[in-house]
Structures are given as C-alpha cells and as structure tokens.
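One structure is given here, and the rest of the page talks about it.
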Amino acid sequence: MTSVISADHTSVAPSPATALRCRNCGATYPLIAVHACAECFGPLEVAYDEQVLAAVTREQIEAGPHNIWRYAPLLPVGQDPASRVTLDPGFTPLIRADRLAAELGITGGLWVKDDSANPTHSFKDRVVSVALTAAKGLGFEAVACASTGNLANSVAAHAARAGLLATVFVPSDLEPAKIVNSAVYAPRLVAVDGSYDDVNRLTSELGETDEFESTAFVNQNVRPYYAEGSKTLGYETAEQLGWRLPAQVVVPIASGSLLTKIDKAFTELVKAGLVDESPWAVFGAQSAGCSPVYTAFAAGQDVVQPVKPTGIAKSLNIGNPADGPYALDAVRRTGGAIESVTDDEIRDGIALLARTTGIFAETAGGVTVAVLKKLVESGQLDPAKETVVYNTGEGLKTLDAIADRVGPTHRIAPSLRGAREAGLIS
Ligand SMILES: *Cc1c(COP(=O)(O)O)cnc(C)c1O
Ligand SMILES: [Zn+2]
C-alpha cells in the first residue's frame, strides 16, 4: 500500500491497489507499466487490498466530486487530486426510458445510461483519465493508443489538457467525424491502411522500438489501469439507482473489457458492503459485421475465433477481442446472453432510441438497443426485471449511418399557402 502526499502537503487516502495479478495463473507483479504475465502471457489485472476496499463508505464517495474521481477510493490511482490527468468525465445521466420500455414490452423498469454525455462524447474518457493518470504517475511524458476512433479522440484531448505528447493510431477508413475529433487536439494522428487488429499489432511492435520505449500505450503497457476506469460506469449505475444493483444490464462488446469491468464493479460493490447482494445478469451486444464473441457464445465454446470486421459499427470492430473469453465467462456465470444485429437493425436501434428517449446514439448505441429488442423478443431477457442499457457514444460522430433515413418531412415555400399545400394547416 502506498501513501500519497497531495500538492498542499496534506496526506490523502492511500491507493487500495496492491499489485498487478495475472488473470490466468495468478502470478503477481508490482504496479508498473506491464500488461502481460512473464510466466504465461496471460493479461494482468489490478489487485486490491480487500480490507481497504471494505472500509470505503457511501458517505465518502458521495462527498467526492461529480465525476469519476468520486470513486478514487476504489481505483488504483488518482487518490491525490493533483495527480490526475483528467477532463473530469463521468456522472453521466441515468435516464428512465418508459416510452422505450413500453414499445419493447419491458415492464420491470428500463433505464438508459447515457455515456455519450462525456467530455469527448464516449465512455472512453473514463478509461483514458485513469490510464493517463497512471502513466503520469509512472513518469511517462508521451502517450499513444491503437483505436477504433473514440479512444483516439479521448487520448488526444486528455494529452492536450495535460501537455503530454500524444501519438494516436487509427484505421484510415474511420468515420470522418472520428478523425476530426482527434485531429483538432493536434496529436500525431497516424491513419493506418488496415483494420483495427492490424493497427493494434503494429502498435505492439512499435512499443518494442527505442523510439517508443518510454511511451505509455493506453491499451497496451498501461492497459491494466485503463481497464479499471470502466468500473466507474458500473459504480455510477448502482449509485444513481440509490445504491442498488440492476437485475439485468446490456453492454456493447468490442474488446470485451467494458462488459467484464461492469461485472467486476458490481462484484466489488457487494464485497465492500456498498450495496446489498442481489443477482444480476450481464448481456452482451455485437454487430453481425463483427461478432466473434457472440459466435463463441452461441456455439457454447470458450475460445473466441478471430474474424475480419465489416459493417457500420466501427467503434466495436475488433476482430480479435483481448477480453473475449472473460466476457463470455461473465455472461455465462451471471445467466445472461449475447446477441448480434445487422447494420439495418443497428440503424433501427438508433432511430428507436432517438424517437423514444431523445438520445442520439452512435452506431455502438444502435447495436446495444437493437440487441435489447432482440433479447426481449427471443425471451432471453426477462421483461419483468429492471434493466439498464448502456449508450456508450454520440450520434453526431456517426451521422452517415442514419443520414439517408432521416431528413425534412416537408419542404415548403415561405408562405401560409406553402404550409397549406403541405397539409400543415387547412
Ligand atoms: C470502445 C467502445 C466500446 C467497447 O469497448 P470494449 O471495452 O473494448 O469492449 C463500446 N462503445 C463505444 C462507443 C466504444 O468506443
Ligand atoms: Zn500468468
């Protein structure tokens, strides 16, 4: 356990993190920038002192800021406010969606957790704030990432705020808005002629070179810290429900990290005594253009076979998902399910959510809403139980997906006669 002294020299709460632990073989490592086990190449995860976690109280959290750092007592870094690299993401709206529930036949209560309401308009601000805070604490001055779009947006913005050198790598065929939303923060923006999986392989190789030796790659050498940021989406859901767990959650899957960490957050809240224990089921959402985890789930397999992604849900287009097996485990262990939906169903999902809730989601949100509908219709999700569906990104970033479907319903001359001819008045 490390004690931290804040900028004004008052002592602040210690980090509850004790080590990095291999999720495969259990080997432990110090809290440094490493993400794979030297024994078995398994992924490393932050391990905590459970007694320290158990001492955290609701009052302590509620006294914190209205952003993810209110959960600092449950995170590996950022206990000292002065140490944070942050745009202060989080505390996004949890919206009661009665009209959507009525259309889908959900009677147990339906909520949309709208995480597009973050500084760079996706849930990635949560993971980036935690990863870059860890990176700065470990002495890095340069940061980088491989991204399907939103991660690059967030890394570039956080680096601009903190004055870090950022190099972000993205597939060159991304949506134009995702490119502009990175480029505007003036990082080194590298468009790679290949898929996300190609980009990811390239950045792993670059991480081994002298030029990138002292760079923190948010989804590589500091990935264990990055991943912990996703837990805040689970914590927030429970706190906003009045410190209780929802019975069912529907979560999009790209690498599978977010889904795994929402499950981990609920487990930790129970262990820490911050919520009463109650069963929850985790459901996963993928697009038909990239559904390796769905395919493994449907076939009853533990191994996720890589695929070549296609389709409009580009932010979820990871063909070889690092946390796929762990996502499968969380879904099966909690009695959930995974579904996949076509591009047309994704467009319908975006339109349905917008029309019934006033929330304009990017394609990833369309995937999740369309999967929710499919899960209800197929009887896999219980409509009588309280359900939370996650919108993780902003519709303005993927306008092309829906632009052909919507537009002016009338076009008229600027006169009452014009309005009359269009049937708006008689
Ligand atoms: C990255 C991303 C996800 C999923 O992330 P994983 O943790 O890799 O599964 C979901 N939605 C959006 C909009 C994203 O950008
Ligand atoms: Zn190991």
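Computed from the coordinates by the stated procedures, all read-outs in this text should not be read as laboratory data. Remember, predicted model here, so these are calculated numbers, not experimental data. FYI the Cβ positions are ideal-geometry reconstructions off the backbone, even for glycines, and counts take in every protein chain you see.
Each part reduced to its alpha carbon centroid, the stretch 240-258 and the stretch 175-230 end up 26 Å apart.
Quick one: of Lys113/Lys136; Lys124/Lys271; Lys271/Lys397; Lys308/Lys385, which pairs are farther than 28 Å apart, Cα to Cα?
Values: Lys113/Lys136 30 Å; Lys124/Lys271 26 Å; Lys271/Lys397 38 Å; Lys308/Lys385 36 Å.
Cα-Cα > 28 Å for Lys113/Lys136; Lys271/Lys397; Lys308/Lys385; rest within.
The ranking of Glu345, Glu50 by Cβ neighbour count inside 10 Å, starting from the fewest, reads Glu50, Glu345. Amide H contacts for Val251 (H built 1.01 Å from N in the peptide plane; partners 5 or more residues away or on another chain; cut-off under 5 Å): Phe283, Gly284, Ala285.
Can you work out D for the chain in µm² s⁻¹ from Stokes-Einstein, where Rh is the Kirkwood radius over C-alpha pairs, the temperature is 37 °C and the viscosity is 0.692 mPa s? All intermediate terms of the calculation are to be shown ahead of the outcome.
Details: Rh = 22.0 Å.
Estimated via Stokes-Einstein, D reaches 149 µm²/s.
Amide H contacts of Cys37 (H built 1.01 Å from N, in plane; Pro and chain starts excluded): Gly42, Leu44 sit under 5 Å, all sequence-distant by 5 or more or on other chains.
Below 14 angstrom from the Cβ of Leu164, what's the summed charge of the other residues (Lys, Arg +1; Asp, Glu -1)? Spelling it out: positives minus negatives among the neighbours equals +3. Please report the spacing between the Cα centers of the stretch 329-359 and the stretch 19-98 in Å, no decimals. The stretch 329-359 and the stretch 19-98 have Cα centres spaced 27 Å from each other.
Of the peptides 144-153, 106-115, how do they stack up when ordered by the mean number of other Cβ atoms within 10 Å, highest first? Provide the component values of the computation, followed by the final result.
Details: 144-153: 29.0, 106-115: 22.1.
Top of the packing list down: 144-153, 106-115.
Using only Cα positions of the stretch 124-227, each an equal point scatterer, no hydration layer, compute I(q)/I(0) via Debye at q = 0.10, 0.14 Å⁻¹ and quote the log10 values to two decimals. Here the Debye-derived log intensity ratios amount to -0.22, -0.44.
Projecting the Cα atoms of Val388, Ile425, Leu399 onto the charge dipole of the stretch 385-426 (Cβ charges, centred on the Cα centre) puts Ile425 farthest toward the positive pole. Ranked by the mean number of other Cβ atoms within 10 Å of their residues, highest first, the peptides 335-342, 129-136, 180-187 fall in the order 129-136, 335-342, 180-187.
Which order do the peptides 401-407, 74-80, 15-21 come out in when sorted by mean C-beta neighbours inside 10 angstrom, highest first? Show your work: numbers first, answer last.
Working: 401-407: 12.7, 74-80: 23.7, 15-21: 21.1.
Answer by packing, highest mean first, reads 74-80, 15-21, 401-407.
For the pair Asp302 and Ala19 in one chain, pulling the backbone fully straight at 0.36 nm per residue adds 99.1 nm over the alpha carbon distance. A P(r) calculated from all alpha carbon pairs of the stretch 36-151, with 10 Å bins opening at zero, reads 11, 30, 33, 19, 6, 0 percent.
Computed about its Cα centre, the charge dipole of the chain is approximately 860 debye, with only Lys, Arg, Asp and Glu carrying charge at their Cβ. You can think of it this way: the chain between Glu277 and Leu424 has 47.4 nm of extra reach, that is 0.36 nm per residue less the Cα-Cα gap. Across the stretch 48-59, computed HN-Hα scalar couplings (Karplus, 6.51 cos²θ - 1.76 cosθ + 1.60, θ = phi - 60°) run 10, 7, 5, 5, 5, 4, 5, 7, 6, 10, 4, 4 Hz from first to last residue, x flagging Gly and Pro.
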